[in-house]
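S.K.: One structure, pasted below without further comment.
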């Protein structure tokens, strides 16, 4: 046990699973870097260094640099998964989904059902998501709602280093295609992470704190912000439950509903664009299943419905902040449902 | 590559099975009993059969929306396919896939595919899997002239060459992508495209089983020995429309009749083996009869078979719930 | 200036960085002796009674109840009743000013657990204390526990002894892959570690299943054992709470695990979210649940204990043994018929974890027994 960054936790999960299972391979653009080049091999280890160092141990047979051909290699990963390997394909920025979506949602996601349950597709697609890197509209999106919409995909969004390692190992061992989304702003955040391999099951929300007054559901990087807000709110006498769903598919609806039943108030923090995102999905769930428990309207803290802007001040205004979460919680504390 | 009598008989039976299967679907579809839509492979039998005759169960193929022939050639059970096309519970996919998604991984059949150009990337993966697991296996993408224009195909040609994969791309060029002629939609040539990716391409007469068989055999051997990918450009024709119900008004009058009369792959096969005295007509007639009986039984069974249970709607989507 | 003593936020275990006074047990102005309960200190893991390290008058509660404070922060001031209030105020002001600058006691880096290859096992252990008093103390946790169970024990013991807390195989940071989970396997691993560390004869302190392990070590290698303290030991006959064992192994979620862990304590409110989270994190490690199941299968048969050391243990003879048992133990109920010559201390209002629930008393009993 020692402090590890989110990046190190992911790297360690990959390394341990590759040691354990020879069918685990990694492919993606510059996952090593330097292929065919005269200079350093493993020059990059992924664009942000997450897979750095794996090449030396596993070689180019298992750490496969690909051409810039997302359709071909994501599809190849799906085909390899259906025929005996356990590939971890890196899509680099999740925004690149746009050039390979067919292979994910028409092919990998559908095999098992379409083939009458006879196919296994143990595929993990890792990608970075999220704003905060001054990377503008095509490298900053939080596209997990799109994946969550597709039956057959599991969608994992780790909120911290501990979560990332356990959830990634679980993803690699899972026999379904898993979309594993890493928030690029979290890579350097650190916490205690066991040295040994461990798994965190899918579909089990993590309550990072329990309170009486308001349930805050937060996703990915928003979990940390929600806890920051909850710390401040505690000093104001408002006690919050902060719930990290960990996976948006499967979604732990039972725990969400239980928490709402207990607190009667719900704030959902979602970095994805606000239409048809996880916040709206959970709102609908709660409106349908726990309406009677609500003491105040549900509040969603999301970005505005615009592409992610470039200018730092605009991007900062775009991303949900702890202050906005705090204000939303305060607003549901004073709001009342109108008497019928 | 020498074929013995048994091989020849098996190849003929496969082609005949595909033909009867498709001709019968053409009739049955018109009755309205088959849900959805089907794309028939009749006329192209020599291609699937000529290639798949070389394959083992652990070699993989990816097929197309016009996939029945590839399935049969790769060994998928005819009865299970027929059930599937009728949406029956006992179909190879439990009635959840239908004509466009017939798959049987135990037979190395990675699926017909409703997305044009969906298969080539998958086949790169299957080939990579064979290469990494050192099975000696190969993986083959069947694709049409339409799919040859998809980015997925072009990316896959590149990837297969870059990784020197044991992959073969069989471009079944029947001259039409839906209702558009390949003379209009395909720029340059398939061979030049392959060459552009550093890959050999063999032009093959797709009406001639023996030509396909020979070219595929060479490509597959090369792939098994680590020689990398090959393209086969197989020129052939479909006897029916893009899908059943397509009036094919875009085709020249009499085009199909002429093809059937002059080039039909089954007729040519029969002529060739009987002329060479490798087999006699009586034997082949016996095969024809056996196949006709098999298809008759398959259709009768499928019509009588049960539909999936309603509870099946919710199963098979995730490995664990 | 008269003698003014600061009372600061204590550090329980390795991971504690802050805590709060949940409840002051003594009012301002109370005369207190060393060992009097001053306050209940609540950490994210557990609430523990904090005993006064000094005598004098509790002049000031500096920490209000319920406020989180870092370890080392001033929580109270003890001085003679005669010291003027102004001096107390000045002392507090000065302490707070310097504390704000140095930000608590950062100088003393906490000791880190180490791992060592001991025979076939990788064993994690935590060593503390210089050991002015010759006999080292070896702490052996129970089923499903780890070296952190001794967070209230190890610091107190290590003021006088070299103290080594270990993770048994299948637990904590030690090897999870076990072919067998039986007692001789566990005892063998402990002996291997004692050899690897080249320890002289030790005072073994074993809790629950760790108690049986300690006894087995004493039986196998009497020369390595100076004394034995058993906390609610297994292997003395009587039933075992099967629901606890199976619940512990199979519970994968907080909601399931929380009531299971509450069985460990007379006061179930002691089980915090973090305590349950720590257990869950252990159980998620590759091989942990299988190891627990192996050990459980080898040790227990439903509500019956497979291990019975009573007859053999009676023959230990020269090695002194004391037993500490919580009166309200719901896992291994007290009342076992112990061999003659053993000393039994039964603690009121105490469950299966006397070293956590009554740490001060347990620490005293261990130290006295070793000194004795």
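S.K.: Scan the range A:104-159 residue by residue and report those that are at positive phi and either within 11 Å of chain B (Cβ to nearest Cβ) or part of a helix (DSSP H, G or I) (or both).
M.R.: Those that are at positive phi and either within 11 Å of chain B (Cβ to nearest Cβ) or part of a helix (DSSP H, G or I) (or both): A:116, A:117, A:152.
S.K.: Tell me, which helices (runs of 4 or more DSSP H) lie completely within the range C:253-372 with 2 or more residues that are in contact (Cβ under 8 Å) with a residue 12 or more places away in the chain and touching a strand residue (DSSP E or B) at 6+ places or on another chain (Cβ under 7 Å)?
M.R.: Helices (runs of 4 or more DSSP H) meeting the threshold: C:354-357, C:359-371.
S.K.: Testing residue B:105 on (1) in contact with a strand residue (DSSP E or B) (Cβ under 9 Å, 6 or more places away or on another chain); (2) within 8 Å of chain A (Cβ to nearest Cβ); (3) crowded, with 24+ Cβ neighbours inside 10 Å, one condition comes back false. Which one is that?
M.R.: Failing condition for residue B:105: (3).
S.K.: If I filter the range A:239-246 for residues that are farther than 24 Å from residue A:331 by Cβ and either modelled with pLDDT of 95 or more or in a helix (DSSP H, G or I) (or both), do I get at least one hit?
M.R.: Looking through the range A:239-246, at least one residue is farther than 24 Å from residue A:331 by Cβ and either modelled with pLDDT of 95 or more or in a helix (DSSP H, G or I) (or both).
S.K.: Picking from A:68, A:55, which residue would you name as being more than 14 Å from chain B (Cβ to nearest Cβ) and more than 20 Å from residue A:178 (Cβ to Cβ)?
M.R.: Of A:68, A:55, the one residue that is more than 14 Å from chain B (Cβ to nearest Cβ) and more than 20 Å from residue A:178 (Cβ to Cβ) is A:55.
S.K.: Checking the structure you have, find out if any residue of the range B:235-247 is more than 14 Å from chain A (Cβ to nearest Cβ), surrounded by fewer than 15 Cβ atoms within 10 Å (Cβ to Cβ) and more than 25 Å from residue B:3 (Cα to Cα).
M.R.: Within the range B:235-247 (the criterion being more than 14 Å from chain A (Cβ to nearest Cβ), surrounded by fewer than 15 Cβ atoms within 10 Å (Cβ to Cβ) and more than 25 Å from residue B:3 (Cα to Cα)), the answer is yes, since at least one residue qualifies.
S.K.: Consider residue A:75 against the criteria (1) more than 7 Å from chain B (Cβ to nearest Cβ); (2) crowded, with 23+ Cβ neighbours inside 10 Å; (3) farther than 20 Å from residue B:107 by Cα: it satisfies all of them except one. Which criterion is unmet?
M.R.: Condition (1) is where residue A:75 drops out.
S.K.: Please note which helices (runs of 4 or more DSSP H) are completely contained in the range C:111-220 and include at least 3 residues that are surrounded by fewer than 18 Cβ atoms within 10 Å (Cβ to Cβ) and in contact (Cβ under 8 Å) with a residue 24 or more places away in the chain.
M.R.: C:183-196
S.K.: In addition: Can you tell me which residues in the range B:109-129 are in a helix (DSSP H, G or I) and at the interface with chain A (Cβ under 7 Å from one of its Cβ atoms)?
M.R.: B:121, B:122, B:123, B:124, B:125, B:126, B:128, B:129
S.K.: Ok, one more. Taking into account only those residues within the range B:75-85 that are within 14 Å of chain A (Cβ to nearest Cβ) and in contact with a helix residue (DSSP H, G or I) (Cβ under 7 Å, 6 or more places away or on another chain), which is farthest from residue B:42 (Cα to Cα)?
M.R.: My answer is B:83.
S.K.: Another question, if that's okay. Among the residues of the range A:200-238, write down those that are assigned to a strand (DSSP E or B) and under 24 Å from residue C:282 (Cα atoms).
M.R.: Within the range A:200-238, A:206, A:207, A:208, A:209 qualify.
S.K.: Here is a list: C:232, C:313, C:243, C:318. Which entry is more than 22 Å from the chain's Cα centre (by Cα) and surrounded by 21 or more Cβ atoms within 10 Å (Cβ to Cβ)?
M.R.: Only one candidate qualifies: C:313.
S.K.: So for the range A:80-96 (the condition being facing chain B (nearest Cβ under 9 Å) and under 13 Å from residue A:28 (Cα atoms)), does at least one residue qualify?
M.R.: Yes, there is a match, as at least one residue in the range A:80-96 is facing chain B (nearest Cβ under 9 Å) and under 13 Å from residue A:28 (Cα atoms).
S.K.: Here is a further query. What is the residue count in the range A:178-192 for residues that are at the interface with another protein chain (Cβ under 10 Å from one of its Cβ atoms) and buried (at least 22 other Cβ atoms within 10 Å of the Cβ)?
M.R.: 0
S.K.: Next up: Could you tell me how many of the residues in the range A:161-175 are out of contact with any helix residue (DSSP H, G or I) (no Cβ under 7 Å at 6 or more places or on another chain) and either in a strand (DSSP E or B) or within 29 Å of residue A:275 (Cβ to Cβ) (or both)?
M.R.: Number satisfying all stated conditions: 3.
S.K.: On to the next question. Filter the range C:169-184 for residues that are closer than 15 Å to residue C:147 by Cβ and away from chain A (no Cβ under 11 Å) and give the result.
M.R.: C:169, C:170, C:171, listed by residue number.
S.K.: Additional query: Return yes or no: is residue A:25 farther than 26 Å from residue C:167 by Cα, within 14 Å of chain B (Cβ to nearest Cβ), crowded, with 21+ Cβ neighbours inside 10 Å and in contact with a strand residue (DSSP E or B) (Cβ under 8 Å, 6 or more places away or on another chain)?
M.R.: Spelling it out, residue A:25 is indeed farther than 26 Å from residue C:167 by Cα, within 14 Å of chain B (Cβ to nearest Cβ), crowded, with 21+ Cβ neighbours inside 10 Å and in contact with a strand residue (DSSP E or B) (Cβ under 8 Å, 6 or more places away or on another chain).
S.K.: Taking residue A:296 as meeting all but one of (1) under 25 Å from residue A:180 (Cβ atoms); (2) surrounded by 16 or more Cβ atoms within 10 Å (Cβ to Cβ); (3) touching a helix residue (DSSP H, G or I) at 6+ places or on another chain (Cβ under 9 Å), write down the number of the exception.
M.R.: With (1) under 25 Å from residue A:180 (Cβ atoms); (2) surrounded by 16 or more Cβ atoms within 10 Å (Cβ to Cβ); (3) touching a helix residue (DSSP H, G or I) at 6+ places or on another chain (Cβ under 9 Å) applied to residue A:296, the lone miss is (1).
S.K.: Something else: Among the residues of the range B:130-156, which ones are surrounded by fewer than 24 Cβ atoms within 10 Å (Cβ to Cβ), facing another protein chain (nearest Cβ under 9 Å) and more than 20 Å from residue B:233 (Cα to Cα)?
M.R.: Those that are surrounded by fewer than 24 Cβ atoms within 10 Å (Cβ to Cβ), facing another protein chain (nearest Cβ under 9 Å) and more than 20 Å from residue B:233 (Cα to Cα): B:131, B:132, B:133, B:135, B:137.
The values are calculated or read from the model by the stated rules, or taken from the named source; none is laboratory data. Predicted model only: the values in this text are computed from it and were never measured. Glycine also receives a Cβ, built like all others from the backbone with ideal geometry; neighbour counts cover every protein chain displayed.
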